[in-house]
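Beneath this line is the structure, given in structure tokens, with notes to follow.
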2 protein chains.
Amino acid sequence: MNRPTVIDIAREAGVSLATVDRVLNARPGVRAKTIAAVNEAIGRLGYVRDIAAANLARSRSYRMVVLLPDTESQFVQTLEEALREAAASAVTARMGVELIRFAAEDMHALAATLRRLAEEGCSGIALMAPETPVIRDALRALRGQGVPVVALVSDLPNSEPDHYVGIDSRAAGRTAGVLMGRFLGARPPKVMVIANSMHLRESIERRRGFDEVMLRDFPGVEVLQTLETHGSPTALRQVVTEILAAEGTVGGIYLLGSGLRALGRVLSERGLLGHPVIVGHELTPHSREALASGWLDAVIAQNAGHIARSTLRVLRAKADRLPIDESQERLRIEIILRENLPDQPL
Amino acid sequence: MNRPTVIDIAREAGVSLATVDRVLNARPGVRAKTIAAVNEAIGRLGYVRDIAAANLARSRSYRMVVLLPDTESQFVQTLEEALREAAASAVTARMGVELIRFAAEDMHALAATLRRLAEEGCSGIALMAPETPVIRDALRALRGQGVPVVALVSDLPNSEPDHYVGIDSRAAGRTAGVLMGRFLGARPPKVMVIANSMHLRESIERRRGFDEVMLRDFPGVEVLQTLETHGSPTALRQVVTEILAAEGTVGGIYLLGSGLRALGRVLSERGLLGHPVIVGHELTPHSREALASGWLDAVIAQNAGHIARSTLRVLRAKADRLPIDESQERLRIEIILRENLPDQPL
DNA sequence: GCATTTTTGAGGCACGTTCCTCATTTTGCG
DNA sequence: CGCAAAATGAGGAACGTGCCTCAAAAATGC
């Protein structure tokens, strides 16, 4: 038996092809009774629309825009590459993906870009940015126009995006906490926490999750105040040096954000490489190398390739008003040690 | 600018549409020179074949067969469900998926089934089974017929499958090893290892990886001989009881295969629940529950949903002789703790 | 019951391929 | 050079759907 087509539906429902078409595409001018009859026929025959044929006929193409901050962060770079790759294979599905890097500190410029996109029109937008009122309003406007908006990596709870692609930062922090606690072993029960900036949602959430677990499961461990580096390697060197001087040796270091390379240098200079337990976030060339050489103990990561593909799939589904396969789109909080480090994606 | 079509290629190469078609579909009867000219035009214009249109025109549908053992194992069951789900959404892509459970102990019957499939014809086969000579020959015959064969979860290195969907068992064992070693802390440096059967490739490989790491990084820990349960809860109870009597308390238990429920019962009866570090494999309802309640410390898993989707994608690509997106199909060795336990997929 | 509006039918072209057939041209070979 | 074989061209039908128009039928309001 072959798959039923619109023609079969028309015959089964006793209506014409045009009417079936109107029903399928929710066009006006059909009586409720007729709609019901058609839907019933669809159900009876188990009709599934041939999306390939539909898209071919529509000869519709999609313009998806992905906005990433222009920070130097290796993670963002990895993500950009993954998106570029996913975009390349999305051509097959008639999707054009534009990648835009915006000035991370200028939220007004970003809002202007969003407004421009709203004017020009596009089929979907994915955005990785902190949530500010300006951005929230711009996004609301876009959504009002029917443009699907996906929050990337960093959630935008108040802008009500159509979807969030990323992991729960709090849970990620909790995971970092257990690993730190259990890996500490007989080391001094004192842990340093280093962040780029505690103004970022994710940093705050990660630290919260981390503290939750440390307090609950490892009450004997002292977790020091978060040190901020603002992305500067020299600032990192300075705060780490100061703390080591003031607090003596620490058993572990939790790196909330970037700065792995700088941390490696400071530790190596002081002959500490390999001694304290180091837990960080995100799998990048640097963290991969640090894991392989053994001084980085664990990384809590989200799969950039998965994020990229999921983003495009979700945007596409939203643009087509199709449902989303939740189980496929759910991102896992990955724990990566030296032993389960995935092969280099050449 | 729109995407170029076959017509554009024909014009650019100065040949007819028919010739372009012959080249694109590798049909005979075209001179090497002409083929080169067409390919050059394709390169120049950046033509990408519209797969949707191609499949529509071919009106080809695929019959994929997935063969799973009829073992009671929760993992196989989870996998079956994931496959069923993936199959449901594959209908859209004109793929019909048949799931067959075969008698795990009767390899001759399985070989017969494979031969039958070869006769009936199908577009692809995925198989989860140990490699025996009979099976190897049956698979070779299938491959000779041009039917793509994918090894599922358990690799078939000597049958030269077109693809292997699963993780490296040795690396999985190594990962289990590090976690065990580091989690042991101050517990007695003695670890029990329990398997279903040491005749299975995966069990052997996992144990090897585990030993590698224990020897290298935790030389002070004594790893006991592997105990075999042959899938029987009573056998498990017996061997565990015996060992505990002979060896005294152990600091950790590494469960190579299934039997989590039975282990939980034994431990709970002896008041040991939560004391030794327990590391197991695969995320199933049981292991999920054990993780949540805290007595199971870590699970090394491969994502069943990913396996299922990847299998179908790969089979499809192989059937179409299309290249595979390696980075998308690479399975990760997942480490799952209570803190990063993914939400129940309702 | 009539005019008006709403709903439905019939048909055709388009989308980008695949896969035919049949005629025509080009090539290679003796 | 002539002939058979190979290569190419031209064209058309099909795949399942979208989207358009025009006319016909049915429902609605008065």
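The values are calculated or read from the model by the stated rules, or taken from the named source; none is laboratory data. The structure presented is a predicted model; accordingly, all values stated were derived computationally and were not measured. Note that each Cβ is placed from the backbone with ideal geometry, even for glycine, and that neighbours are counted across all protein chains shown. SASA here: full protein model, heavy atoms, side chains in, ligands and nucleic acids out. Shrake-Rupley method; radii C 1.70, N 1.55, O 1.52, S 1.80 Å.
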DSSP loop (so not H, G, I, E, B), at most 11 other Cβ within 10 Å: list which trypsin sites (Lys or Arg not before Pro) in segment A:234-335 pass both filters. A:R321
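To the nearest 0.05, what FRET efficiency results for B:N2 and B:E120 with a Förster distance of 35 Å applied to their C-beta separation? All intermediate terms of the calculation are to be shown ahead of the outcome.
Values: r = 42 Å, r/R0 = 1.21.
It comes to 0.25.
In terms of the Cα gyration tensor, with a ≥ b ≥ c the square roots of its eigenvalues, is the protein assembly as shown rounded because a/c is under 1.5, prolate because a/b exceeds b/c, or oblate? All intermediate terms of the calculation are to be shown ahead of the outcome.
Details: a/c = 1.88, a/b = 1.25, b/c = 1.50.
Verdict is oblate for the protein assembly as shown.
What is the local net charge at A:L267, summed over the other residues whose Cβ is closer than 12 Å to its Cβ (Lys, Arg +1; Asp, Glu -1)?
Working: positive: A:R237, A:R261, A:R265, A:R270; negative: A:E269.
With Lys, Arg at +1 and Asp, Glu at -1, the net is +3.
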Using protein heavy atoms only (no ligands, DNA or RNA), what is the total accessible area buried between A and B, 1.4 Å probe, nearest 100 Å²? 3800 Å²
Once the label point is set 7 Å along the Cα-to-beta-carbon vector, what list of distances in nm do you get between A:G185 and its counterparts in the other copies? 1.4
Report B:I194's accessible area, 1.4 Å probe, all protein chains in place, as a number in Å² to the nearest 10. 0 Å²
For A:V134, placing the label point 7 angstrom along Cα-to-beta-carbon and taking segment A:94-113, residues whose amide nitrogen sits under 16 Å are A:102-113
How big is segment B:6-49 on each of its three principal axes, counting only the C-alpha atoms and giving the largest first in Å? 24, 17, 15
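What does the average come to when, for each residue of peptide A:298-305, you count the partner chain Cβ atoms lying within 10 Å of its Cβ?
Numbers: counts 3, 0, 2, 1, 0, 2, 1, 4.
Rounded to a whole number, the mean comes out at 2.
Just to be sure I understand the rule: take each whole DSSP H helix in chain B, project its Cα atoms onto its long axis, keep it if the span is 15 Å or more and its mean Kyte-Doolittle hydropathy is at least -1.0. Which ones pass?
Counting only whole DSSP H runs, the qualifying helices are B:32-45, B:74-90, B:107-120, B:133-144, B:169-184, B:233-247, B:304-319.
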Per residue value of the accessible surface for segment B:4-148 (all protein chains in place, 1.4 Å probe), Å²: 51 Å²
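Among A:Y254, A:Y164, what's the order by accessible area (1.4 angstrom probe), most exposed first?
On the way: A:Y254 0, A:Y164 60 Å².
Per-residue accessible area, sorted high to low, gives A:Y164, A:Y254.
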In nm, what does the list of distances from A:R201 to its counterparts in the other copies look like, shortest first, when each label sits 7 Å along Cα to Cβ? 4.5
Taking R0 as 51 Å and r as the Cβ-Cβ distance between A:D217 and A:N158, the FRET efficiency 1/(1 + (r/R0)^6), rounded to the nearest 0.05, comes to 0.95
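For B:174-180, what's the mean count of beta carbons from other chains sitting within 10 Å of each residue's beta carbon? Before the final figure, lay out the partial values.
Details: counts 4, 7, 2, 1, 7, 7, 0.
Mean partner shielding for this stretch: 4.
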Scan around B:K190 for amide H atoms under 5 Å from its own, H built in the peptide plane at 1.01 Å from N, and keep only partners 5 or more places away or cross-chain. B:E222, B:G251, B:G252
At A:R101, label 7 Å along Cα→Cβ: distances to the other copies, nm, ascending? 5.4
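Round to a whole number: what % of the accessible area of chain B belongs to carbon and sulfur, probe 1.4 Å? Before the final figure, lay out the partial values.
Working: 8130 of 15820 Å².
The value for chain B is 51 percent carbon and sulfur by accessible area.
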What is the distance, in nm, between label points placed 7 Å from the Cα along the Cα-to-Cβ direction at A:A141 and at A:R330? 3.7 nm
Straight-line reach from B:K190: which aspartates and glutamates fall under 12 Å, measuring Cα to Cα and dropping same-chain residues less than 8 apart? B:E222, B:E247
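Classify segment A:271-346 as rounded, prolate or oblate from the Cα gyration tensor: take a ≥ b ≥ c as the square roots of its eigenvalues, call it rounded if a/c is under 1.5, otherwise prolate when a/b beats b/c and oblate if not. It would help to have the intermediate numbers written out before the result.
Numbers: a/c = 3.83, a/b = 3.02, b/c = 1.27.
In terms of gyration-tensor shape, prolate.
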For B:R101, other-chain or 5+-apart residues with amide H closer than 5 Å (H placed, Pro excluded) are B:L68
Pull up all non-local amide H partners of A:N340: gap of 5 or more, or a different chain, and H-to-H distance under 5 Å with H placed in the peptide plane. none
